[in-house]
Number of protein chains: 2
Amino acid sequence: MRRTALFLVLAAFTATGIAAERSTSIPASALTAAATLRDKALADDTGWKTIESLTTEVGPRLAGSEGDARAVEWAKAKFRQLGYDKVWTEPVTFPKWVRRSEHGEVLGAHSQKLALTALGGSPGGTVEGEVVRFPDLAALQAAPAGSLAGKIAFVDFQMQRKKDGGDYRFGGGIRGGGPSAASAKGAIAFVMRSAGTDSHRVPHTGMTRFADGAKPIPSAALSIPDADQLARLAALGATRIRVALDCGFDGEYTSQNVIGEITGSKRPDEVVLIGGHLDSWDHGTGAIDDAAGVAITMATGALLKPLKPARTIRVVAFANEEQGLWGGRAYADKYAKDVAKHVIAAESDFGAGHIYGFDSSARDAQPEALKQIMQVLSPLGIEWLPKQGDPESDIGPLTQRGMAWAWLGHDGTNYFDLHHNADDTLDKIDPKDLAQNVAAYVVFTYLAAQADGGFGSAPKAPETKN
Amino acid sequence: MRRTALFLVLAAFTATGIAAERSTSIPASALTAAATLRDKALADDTGWKTIESLTTEVGPRLAGSEGDARAVEWAKAKFRQLGYDKVWTEPVTFPKWVRRSEHGEVLGAHSQKLALTALGGSPGGTVEGEVVRFPDLAALQAAPAGSLAGKIAFVDFQMQRKKDGGDYRFGGGIRGGGPSAASAKGAIAFVMRSAGTDSHRVPHTGMTRFADGAKPIPSAALSIPDADQLARLAALGATRIRVALDCGFDGEYTSQNVIGEITGSKRPDEVVLIGGHLDSWDHGTGAIDDAAGVAITMATGALLKPLKPARTIRVVAFANEEQGLWGGRAYADKYAKDVAKHVIAAESDFGAGHIYGFDSSARDAQPEALKQIMQVLSPLGIEWLPKQGDPESDIGPLTQRGMAWAWLGHDGTNYFDLHHNADDTLDKIDPKDLAQNVAAYVVFTYLAAQADGGFGSAPKAPETKN
């Protein structure tokens, strides 16, 4: 409680821009131990065995599905098997969305099937109509009111490969905002070029959410080659398609955040939080999204245990990230009053590519401690990249309430080849990269646990989302 | 008729190993004209426009489907549009096989869907059983009689990438012979790792044929990642799966070989035959297999026309290659008595990768003429590769009756990533490679048409297939 009070005071200083926080430093012995453990982690297969187990034995685990329930049991058992000191679950309740079937086809003289998949949150329905193609979301939004009455909007934007996945703001933006925009113009359905960078017949699903007052319409993503094809056909002349989706919301479901702890040997009430999300989309086995994050962080705790870290290492396998950060929000609600006890947090939810960058919310307040961590991360090929990171997904809600965060940035060049599609399977994971990921998490997590001082976690009112 | 008699005599010499055929040579003016046309072809987009048109406007064209019928109409119209002098069709009748639906799943504690596709020729049926894994066809064949009673055979052989696609003899062999072998041991179904080299959730279909007396059983190919997954699950313990196929033979269908000719200006009765096959499997749009071959050879005739070739250039878009060379066999039956009129033939049915090699059945009898052709092919990066080529697919039946052939070998390194699966779409064609393919065909076809003398076509009794 003393510590919490201290952080509150420090937070006030930080909020006014005065860097008055006590300088955190990491004991030399911890740096040495972290370097040894880093090298051990590079040769360790705990992460690989964990991701193999989850993706093979559970497979797909759409939130609310039977796979979701099995994943929860799997995570509890795996935490115990890996020697975690405490294992428990916390309920997460959300609307259950189900996918039953989906078909698309071109009608008329050029009739042929289209590989498409319903967007999460889409209602079911079978409609036929002429396609109206838009190069991007802005073009759809600029369409005259009522101009899409009886028609099917097609947003045909191609994401580009980026190391930081930056183009997802466009692809994800279309998926999130396109259906409502199309509905507002009178469209009877919405299709989009998948938010992806591959060239395979595996459409990328993902959540959409209809704006207040927008009439939900069947909404789907075409595979990249199918979007190419539809664009060519539309260029030849008026093109009618059929979109037949059997899917929709079906009551509520309660899943679980599954939590494992390595209890701190000296400051058990202070937590270094790491994790990934346990749910996946249904087409693949969720290897990169996000069995990787679950495996990397579960392995991190297991590898750290013999060192008896000073602070508690808490690993969370979050429920239902995919459909709206349900697990992360439930966690933030439950621990809102414990922000200061969360010394710092990092989530792995961007695949298992080589980790190349490090950043933290503490970049201005605690540069020395971060520099010390970087010393041990650097041999892994990781650079200090201030202001290039962000808290990933599920830890976001609690960072909005003041929790400090770190970012261990994965190379995402190929991430959107696989994101939310059927190709997200174990064979896409490079065991060497995964071991490097675990090594990076081990270094960060251990040093955060041993640091003499904190990283700026202090309660604040969450910002209003826009 | 004089010429036919001559060839008969020459064939007799060739058969006894005596190289007594008159030496064929190609006029210097033709070599010069071929070089000019080669370079023009490299900058020409007739091939690209043709493949784009077929794959976009028709799309998939499974033999016997509505797409097949549309493809026939497309080919007739395209030949005419490209300025061919004669265009006609010849009927090809075959048993019609239809695919309605297909599902696979793992049952029990690790339940999850499996991406699989029925093999062409498979009967329908829904069965559940324990998987018995075999590393290859020989292992299945060595299983004790009756040992698979009530079980599902799984042949888990992984093809390797080869420039010449050589590993297909294993993958294709499993597809052809595996179902009968499994049935003979009592299996209730057969599944195989797709005969492919990709890593995507797109299973590779293709024809199987049950041996005389073998009870047909539902037979399917798993995608490569699904085969990985099933192998891992089977290694964990007894694994039951469900295979549900709705497919099978449904009467007969008559499609058409579609033929276009550029009539020879000097020897119209002598034919240089080139072609590809018009049908495709149903999952993709058959871009590499074999819209490419159709487009390359259609473009070749169109580009040659202004040169008024001495011999007739005959381009055949063969019907139903995929289900057993039906078009090629019908052609051979119809033209059995005209072998000698077919001066030489080449088919393009191995995608649209860079053509890297040239070979011919005339390698021993007409080395000089082939050397001349090689002079003009060589700047395209093509090597003389004696005894490395074969007549491709549909021209095979007539070469067995004595027709001379040439081989313009495509680099097939990536061919089995796409072969017979949903990913076989236009975006996989490199327009520059396609133009190189057309350039190579233009050179070969023109020089064969201008050659002073033949390449050894002479009727012989076809060898008995084993």
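The values are calculated or read from the model by the stated rules, or taken from the named source; none is laboratory data. All of these numbers come straight from a predicted model, not from anything done at the bench. All Cβ positions, glycine included, derive from the backbone under ideal geometry; neighbour counts span all protein chains shown.
Among (1) over 23 Å from B:Met159 (Cα atoms); (2) free of Cβ contacts under 8 Å to residues at least 12 places away in the same chain, where does B:Arg232 come up short?
The failed condition is (1).
From the list A:Asp198, A:Asp167, A:Asp212, which residue is among the charged types (D, E, K, R) and within 14 Å of chain B (Cβ to nearest Cβ)?
On the way: A:Asp167 fails: within 14 Å of chain B (Cβ to nearest Cβ); A:Asp212 fails: within 14 Å of chain B (Cβ to nearest Cβ).
Step by step, each of A:Asp198, A:Asp167, A:Asp212 is checked, and only A:Asp198 is among the charged types (D, E, K, R) and within 14 Å of chain B (Cβ to nearest Cβ).
Determine whether the range B:264-274 contains at least one residue that is of a type outside the set (Lys, Arg) and more than 27 Å from B:Lys308 (Cα to Cα). Before the answer, list the steps.
Pass one, the range B:264-274, residues of a type outside the set (Lys, Arg): B:264-265, B:268-274.
Pick out the ones that are also more than 27 Å from B:Lys308 (Cα to Cα) and you get none.
Looking through the range B:264-274, none of the residues is of a type outside the set (Lys, Arg) and more than 27 Å from B:Lys308 (Cα to Cα).
Mind listing whichever residues of the range B:347-364 are touching a Leu at 6+ places or on another chain (Cβ under 8 Å) and over 20 Å from B:Val438 (Cα atoms)?
Within the range B:347-364, B:Ala362, B:Arg363 meet the criteria.
Is it the case that some residue within the range B:132-153 is touching a residue at least 40 places away in the same chain (Cβ under 8 Å), within 14 Å of chain A (Cβ to nearest Cβ) and not hydroxyl-bearing (Ser, Thr, Tyr)?
no
Filter the range A:110-130 down to the residues that are away from chain B (no Cβ under 14 Å), surrounded by fewer than 21 Cβ atoms within 10 Å (Cβ to Cβ) and outside any loop (DSSP other than H, G, I, E, B) and list them by number. Spell out how you get there, then give the answer.
Going residue by residue through the range A:110-130, those that are away from chain B (no Cβ under 14 Å) are A:118-130.
Imposing the further condition that a residue be surrounded by fewer than 21 Cβ atoms within 10 Å (Cβ to Cβ) reduces the set to A:123-130.
Residues satisfying the conditions are A:Gly125, A:Thr126, A:Val127, A:Glu128, A:Gly129, A:Glu130.
Tell me which residues, restricted to the range B:230-250, are within 11 Å of chain A (Cβ to nearest Cβ) and either among the charged types (D, E, K, R) or surrounded by fewer than 18 Cβ atoms within 10 Å (Cβ to Cβ) (or both).
Scanning the range B:230-250 gives B:Arg232, B:Ala235, B:Leu236, B:Gly237.
Can you name the residue in the range A:97-109 that is closer than 28 Å to A:Gly328 by Cβ and not charged (D, E, K, R) and, of all such residues, is nearest to the other protein chains (Cβ to nearest Cβ)?
Among those residues, the one meeting the criterion is A:Val98.
Residues A:Ala220, A:Ala227: which one is within 14 Å of another protein chain (Cβ to nearest Cβ), outside any loop (DSSP other than H, G, I, E, B) and surrounded by 17 or more Cβ atoms within 10 Å (Cβ to Cβ)?
A:Ala227
Out of the range A:430-466, which residues are over 21 Å from A:Val316 (Cβ atoms), among the hydrophobic types (A, V, I, L, M, F, W, C) and crowded, with 24+ Cβ neighbours inside 10 Å?
Result: no residue meets the conditions.
Could you figure out which of (1) part of a loop (DSSP other than H, G, I, E, B); (2) touching a Leu at 6+ places or on another chain (Cβ under 8 Å) isn't true of A:Gly177?
(1)
Enumerate the strands (runs of 3 or more DSSP E) found wholly within the range A:278-362, keeping only those where 1 or more residues are within 19 Å of A:Thr89 (Cα to Cα) and without any contact (Cβ under 8 Å) to a residue 60 or more places away in the chain.
Values: elements: A:311-318, A:342-347, A:355-360.
Counting at least 1 such residues, we get A:311-318.
With (1) under 20 Å from the mean Cα position of the chain (by Cα); (2) surrounded by 15 or more Cβ atoms within 10 Å (Cβ to Cβ); (3) not assigned by TED's automatic domain parsing to the domain that holds B:Gly324 as the list, and B:Lys185 as the residue in question, which single condition is left unmet?
(1)
Would you check which residues across the range B:185-229 are over 15 Å from B:Met159 (Cα atoms), in contact with a Pro (Cβ under 8 Å, 6 or more places away or on another chain) and of a type in the set (S, T, N, Q) and list them?
Selection gives B:Thr208, B:Ser219.
Test of understanding: among A:Gln112, A:Gln81, which residue is under 30 Å from A:Leu230 (Cβ atoms) and not hydrophobic (A, V, I, L, M, F, W, C)?
Numbers: A:Gln81 fails: under 30 Å from A:Leu230 (Cβ atoms).
Just one listed residue meets the conditions, A:Gln112.
Among the residues of the range B:375-413, how many are at pLDDT 95 or above and not in a loop (DSSP other than H, G, I, E, B)? Quick ask: steps written out before the conclusion?
At the first step, the residues of the range B:375-413 found to be at pLDDT 95 or above are B:375-389, B:394-413.
Next, only the ones that are not in a loop (DSSP other than H, G, I, E, B) stay: B:375-380, B:383-384, B:394-400, B:405-410.
Looking only at that region, the number is 21.
Among the residues in the range B:86-104, are any farther than 21 Å from B:Gly196 by Cα, at pLDDT 95 or above and not in a strand (DSSP E or B)?
Initially, the range B:86-104 is screened for residues farther than 21 Å from B:Gly196 by Cα, giving B:86-98, B:100-101.
Within this subset, residues satisfying the condition of being at pLDDT 95 or above are B:86-98, B:100-101.
Okay, now just the ones that are also not in a strand (DSSP E or B), so none.
There is no residue in the range B:86-104 that is farther than 21 Å from B:Gly196 by Cα, at pLDDT 95 or above and not in a strand (DSSP E or B).
Within the range B:44-96, restricting attention to residues that are closer than 18 Å to B:Tyr253 by Cβ, within 14 Å of chain A (Cβ to nearest Cβ) and of a type in the set (Lys, Arg), which residue is surrounded by the fewest Cβ atoms within 10 Å (Cβ to Cβ)?
Among those residues, the one meeting the criterion is B:Arg70.
When you go through A:Ile296, A:Ile288, A:Ile259, A:Ile274 one by one, which is the residue that is within 14 Å of chain B (Cβ to nearest Cβ) and either in contact with a Phe, Trp or Tyr (Cβ under 9 Å, 6 or more places away or on another chain) or surrounded by fewer than 23 Cβ atoms within 10 Å (Cβ to Cβ) (or both)? Spell out how you get there, then give the answer.
On the way: A:Ile296 fails: within 14 Å of chain B (Cβ to nearest Cβ); A:Ile259 fails: within 14 Å of chain B (Cβ to nearest Cβ); A:Ile274 fails: within 14 Å of chain B (Cβ to nearest Cβ).
Within the list A:Ile296, A:Ile288, A:Ile259, A:Ile274, the selection yields A:Ile288.
Which one of B:Arg169, B:Arg201, B:Arg209 is among the basic types (Lys, Arg) and within 15 Å of B:Tyr415 (Cβ to Cβ)? Walk me through how you get there before you give the answer.
Numbers: B:Arg201 fails: within 15 Å of B:Tyr415 (Cβ to Cβ); B:Arg209 fails: within 15 Å of B:Tyr415 (Cβ to Cβ).
Of the residues listed, the single one that is among the basic types (Lys, Arg) and within 15 Å of B:Tyr415 (Cβ to Cβ) is B:Arg169.
Restrict the check to the range A:111-118 and report whether at least one residue is touching a helix residue (DSSP H, G or I) at 6+ places or on another chain (Cβ under 9 Å) and polar (S, T, N, Q).
Yes: one or more hits.
Considering only residues that are more than 18 Å from the chain's Cα centre (by Cα), of a type in the set (Ser, Thr, Tyr), part of a loop (DSSP other than H, G, I, E, B) and in the same structural domain as A:Pro397 (by TED's automatic domain parsing), which ones fall in the range A:415-466?
None; the set is empty.
Got at least one residue in the range A:241-252 being at pLDDT 95 or above and under 16 Å from the mean Cα position of the chain (by Cα)?
Just the residues of the range A:241-252 that are at pLDDT 95 or above, to begin with: A:241-252.
Remaining after also requiring under 16 Å from the mean Cα position of the chain (by Cα): none.
No, the range A:241-252 contains no residue that is at pLDDT 95 or above and under 16 Å from the mean Cα position of the chain (by Cα).
Where in the range A:1-81 are there helices (runs of 4 or more DSSP H), lying fully within it, with 1 or more residues that are of a type in the set (A, V, I, L, M) and modelled with pLDDT of 85 or more? Talk me through it step by step, then tell me what you get.
Numbers: elements: A:2-15, A:28-42, A:46-53, A:66-81.
In the range A:1-81, A:28-42, A:46-53, A:66-81 are the helices (runs of 4 or more DSSP H) which contain 1 or more residues that are of a type in the set (A, V, I, L, M) and modelled with pLDDT of 85 or more.
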